[in-house]
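Down below is the structure, laid out as structure tokens.
The values are calculated or read from the model by the stated rules, or taken from the named source; none is laboratory data. Values in this document were obtained by computation on a predicted structure and should not be read as measured data. All Cβ positions, glycine included, derive from the backbone under ideal geometry; neighbour counts span all protein chains shown. What goes into the accessible areas is simple: the full protein's heavy atoms, side chains included, and nothing from ligands, DNA or RNA. Shrake-Rupley method; radii C 1.70, N 1.55, O 1.52, S 1.80 Å.
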Amino acid sequence: MAFDTRIPFRRAAADSIMPLGVHAGLWVENWSPASARFAIEGAALAGYQLIEIPVPDGEGSLSPDATARLLDEAGLDAVVSLALDPQSDINVDTAGSDPAPAATSARGELRLLQAVEFARAIGANYVGGVTYSAMTKYAHPATEASRANSLDVLTRVAAVARKADVRIGLEYVNRYESNLLNTAAQTAEFIAELGARDVDNVLLHIDTYHANGEEISLAGAVRDAGGLLGYLHLSESHRGRIGTGSLDWTGLFAALAEAEYRGPLTVETFSPAIVSSATRDQIGAWRSLWSDPVDVARESAIFLRALLAASAPLTTTDSDRHERRMSHS
């Protein structure tokens, strides 16, 4: 049976062709009960239709069941994200006699499966991020063996995710944070290799911050992604408040309209005034370009709705809404 690769939503995002989302890292540094409520309620009040939740780690995080209840109360949809690290890298050669790479890959596969389970438990149908390699500075190019292992792991993970009606997103990043996928064209080729293995629930995820540094243009990245494009992170050239950097937002939205893109547009901006020290150090968020999450979330939503109004219809017709809700009820 053919698999519908478009991410299904059941709450506020079900009413929109391109629902607006916001990364939880804009609001909070962890997923404690108080933080989760602040992020979910804040996102809803700021006019967003979904929130991206990194897989919680550590004691004290709100449970999946309680997270789902908060989402229901706010009427907000959710997606899930994660980035593998050097201790859970699946972009490794496991064929040699050294058992360490195989153990590292196994940890990565487990983290991916746990992310799929977390998504299922909170009623989300998408797990995206740096799911194919570690998000780290590699000292060498990827090898055929490490690429093959990444494909093998993702083939198994995608099979489990498909049974849970979850799509896996591959977010390519800049050359300093992965040696495997750095452009939309590379990622599309990688997904085609998965397709040759009968994997049909993997989507291409563009992050405008990373694409700005690796692509000839954001519009070109959209064209290279083609119909595989399923999710976007909207992040400014300096990772601060969107609309205040050097990105060609008008060109991007024109390309999305031309491609008839139908999927989430998620604001991703980070400030060391909000994120944890570990996140700050991982992404190099050394400067505070903003400090008030309520203000930056509200202004970002206004900026994006103006772009949408100028380039493409924001919502589906009533009949489309009804049909979509019924198909996923």
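Of note:
- Condition met for LEU194 (open to solvent by 40 Å² or more (accessible area, probe 1.4 Å), touching a strand residue (DSSP E or B) at 6+ places or on another chain (Cβ under 7 Å) and modelled with pLDDT of 95 or more): no
- Yes/no for GLU258 being out of contact with any helix residue (DSSP H, G or I) (no Cβ under 7 Å at 6 or more places or on another chain), more than 27 Å from SER178 (Cβ to Cβ) and not hydroxyl-bearing (Ser, Thr, Tyr): yes
- Selected residue (criterion: surrounded by the fewest Cβ atoms within 10 Å (Cβ to Cβ)) from residues of the range 262-294 that are within 23 Å of ILE168 (Cβ to Cβ) and of a type in the set (A, V, I, L, M, F, W, C): ILE283
- Residue within the range 79-94 that is touching a Leu at 6+ places or on another chain (Cβ under 6 Å), of a type outside the set (Lys, Arg) and surrounded by fewer than 24 Cβ atoms within 10 Å (Cβ to Cβ) present: no
- Single residue of the range 230-244 satisfying the filter (over 13 Å from SER300 (Cβ atoms) and at pLDDT below 95) that is most open to solvent (accessible area, probe 1.4 Å): HIS238
- Any hit, the range 73-80, residues being more than 20 Å from the chain's Cα centre (by Cα), under 17 Å from ALA124 (Cβ atoms) and part of a helix (DSSP H, G or I): yes
- Comparison of ARG111, ARG69, ARG107, ARG120 shows that the only residue that is charged (D, E, K, R), open to solvent by 10 Å² or more (accessible area, probe 1.4 Å) and over 26 Å from ASP207 (Cα atoms) is ARG69.
- Of all residues in the range 209-225, those satisfying the criterion of being free of Cβ contacts under 8 Å to residues at least 40 places away in the same chain and either open to solvent by 40 Å² or more (accessible area, probe 1.4 Å) or among the β-branched types (Val, Ile, Thr) (or both) are ASN212, GLY213, ILE216, SER217, VAL222, ARG223.
- So ALA259, is it at pLDDT 75 or above, among the aliphatic types (A, V, I, L, M), open to solvent by 10 Å² or more (accessible area, probe 1.4 Å) and more than 19 Å from MET135 (Cβ to Cβ): yes
Every residue, every condition in (1) farther than 18 Å from TRP27 by Cα; (2) acidic (Asp, Glu), yes or no:
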| site | (1), (2) |
| --- | --- |
| LEU229 | yes, no |
| GLU236 | no, yes |
| GLY251 | yes, no |
| ALA255 | yes, no |
| GLU258 | yes, yes |
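- Residues being farther than 14 Å from ALA66 by Cα and buried (at least 18 other Cβ atoms within 10 Å of the Cβ) - total across the range 40-53: 9
- Among residues that are out of contact with any Cys (no Cβ under 9 Å at 6 or more places or on another chain), part of a helix (DSSP H, G or I) and on the phi > 0 side of the Ramachandran plot, GLY213 is not included.
- Scope the range 175-201; condition in contact with a helix residue (DSSP H, G or I) (Cβ under 6 Å, 6 or more places away or on another chain) and touching a residue at least 60 places away in the same chain (Cβ under 8 Å); matching residues: ASN201
- Some residue of the range 126-134 being touching a His at 6+ places or on another chain (Cβ under 7 Å) and either open to solvent by 30 Å² or more (accessible area, probe 1.4 Å) or on the phi < 0 side of the Ramachandran plot (or both): yes
- PRO99 meets the conditions (1) in contact with a His (Cβ under 7 Å, 6 or more places away or on another chain); (2) open to solvent by 10 Å² or more (accessible area, probe 1.4 Å); (3) of a type outside the set (S, T, N, Q) in every case but one. The failed one is (1).
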